[in-house]
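Chemist: Sharing a structure, written as structure tokens. Questions coming.
What follows draws every value from the coordinates through simple rules; no lab data is involved. Every value quoted in this text rests on a predicted model; they were computed, and no experiment measured them. Here Cβ is always computed from backbone atoms with ideal geometry, including for glycine, and neighbour counts include all displayed protein chains.
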Amino acid sequence: QTANSDKGFFLMIEGSRIDMAAHSNDPGTHVHEVLAYYEAVKVVRKYVDDHPGTVMISVSDHETGGLSLARQINSTYPQYLWYPDVITRIKNSSYALAVQLADYWKADRLNFINETILRGSLGIDDFTNEEVTFLNENQTLQSYEYYLANLTSWRAQIGWATHGHSAVDVNLYARGKDTEKLRGNHENTYIGEFIKDYLGLDLDSITLKLNSDNASFHLSSPNITSFNADHLAHYHHLH
Ligand SMILES: [Zn+2]
């Protein structure tokens, strides 16, 4: 639709599920979200290279989880290592496995936990009686999810600082026209300024236009205050 337009287009692509994987401290899902995002970036980068004058900016609004490639798993002086092979064996998200655990109460539940969940989906062979006992008991969905995620994080010796967002600096990548200006450390608002300048936007007049038919464009939907988000709690309560 934009091929014959002289106005161009703006496209936002969000790799949104890495945030939820990190809220769960789920290392397997986390890395697969990184890889999927990289595939998307490759497509956009090729488009930018094929269309001089276009710009790609890749950035995050925050880190989640306080992920670190380090974990002290006992009281002795730690070895300087982590085990990526543990992550490569994970086949499902902790959330998907938690849903299965919460639903499966047949007589062979113990076998299901040992073979399907632990060996088959998480690639864990050295599970303990204590771990199996916890998973065999009736827990909340979130308890299962966090527990499963920790089984692999612990064995990989990956550290997580929080189930929330962190304040660490995030990476900024850019390609295309004038993106040299984005090198270095910047406040997040600097990226907005760059886009405004690149597109030649007059933000004051756009704000007036957005508000011209509404009391405020933030409240453009009359039902917004009664919007029921209860069923989205899993995605939004920590978001
Ligand atoms: Zn979040």
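Chemist: May I ask for the angle, rounded to the nearest 10°, between helix 94-103 and the longest principal axis of the chain, with both axes built from Cα atoms and the value confined to 0 to 90°?
Modeler: With both axes taken from Cα atoms, the answer is about 50 degrees.
Chemist: Under the Karplus relation 6.51 cos²θ - 1.76 cosθ + 1.60, θ = phi - 60°, what is the ordered set of whole-Hz ³J(HN,Hα) values for the stretch 62-77, x standing for Gly and Pro?
Modeler: So the J values, rounded to whole Hz, are 5, 8, 10, x, x, 4, 9, 8, 6, 7, 8, 9, 7, 7, 6, 4.
Chemist: Now for a different question. Please list the non-local residues whose amide H lies under 5 Å from the amide H of ILE124, H modeled 1.01 Å from N, same-chain partners needing a gap of 5 or more.
Modeler: Long-range HN contacts for ILE124: ARG119.
Chemist: How far is helix 141-156 tilted off the main Cα axis of the chain, in degrees rounded to 10, range 0 to 90?
Modeler: That works out to roughly 80 degrees.
Chemist: Okay, next question. Looking at the square roots a ≥ b ≥ c of the eigenvalues of the Cα gyration tensor of the stretch 84-156, which shape do they give, rounded for a/c under 1.5, prolate if a/b is larger than b/c, or oblate?
Modeler: Note, shape of the stretch 84-156 comes out prolate.
Chemist: Next question. What 222 nm value per residue comes from the helices of the chain, counting each DSSP H run with n ≥ 4 as -39,500 (n - 2.57) and dividing by all residues, nearest 500 deg cm²/dmol?
Modeler: It lands at -12000 deg cm²/dmol.
Chemist: Also, quick follow-up: Can you put ASP85, ASP19, ASP6 in order, fewest other beta carbons within 10 Å first?
Modeler: So the residues, fewest neighbours to most, are ASP6, ASP85, ASP19.
Chemist: For the stretch 65-147, run through the GluC sites (Glu not before Pro) and keep only the ones in DSSP coil with at most 16 other Cβ atoms within 10 Å of their Cβ.
Modeler: GLU137
Chemist: Then there is this: How large is ³J(HN,Hα), in whole Hz, for each residue of the stretch 35-40 in order, when computed from phi with the Karplus curve 6.51 cos²θ - 1.76 cosθ + 1.60 and θ = phi - 60°, using x for Gly and Pro?
Modeler: 5, 5, 5, 4, 4, 5
Chemist: For the chain, what class follows from the C-alpha gyration tensor (a ≥ b ≥ c being the square roots of its eigenvalues): rounded when a/c is under 1.5, otherwise prolate if a/b is larger than b/c, else oblate?
Modeler: The shape class here is prolate.
Chemist: Convert each backbone phi in the stretch 47-54 into a coupling constant with the Karplus relation 6.51 cos²θ - 1.76 cosθ + 1.60 (shift: θ = phi - 60°), then list the ³J(HN,Hα) values in order as whole Hz, x for Gly and Pro.
Modeler: 4, 5, 5, 7, 10, x, x, 8
Chemist: Still on this structure, please answer the following. Could you work out the local net charge near VAL43, counting Lys and Arg as +1, Asp and Glu as -1, over the other residues with Cβ closer than 14 Å to its Cβ?
Modeler: +1
Chemist: Which order results if MET56, MET12 are arranged by neighbouring Cβ count within 10 Å, fewest first?
Modeler: Ranking MET56, MET12 by Cβ neighbours within 10 Å, fewest first, gives MET12, MET56.
Chemist: So for the pair ASP61, ASP126, with labels modelled 7 Å out along Cα→Cβ, what separation do we get in nm?
Modeler: 4.1
Chemist: At 7 Å along Cα-to-Cβ for each site, give me the label-to-label distance between LEU199 and HIS51 in nm.
Modeler: 1.4
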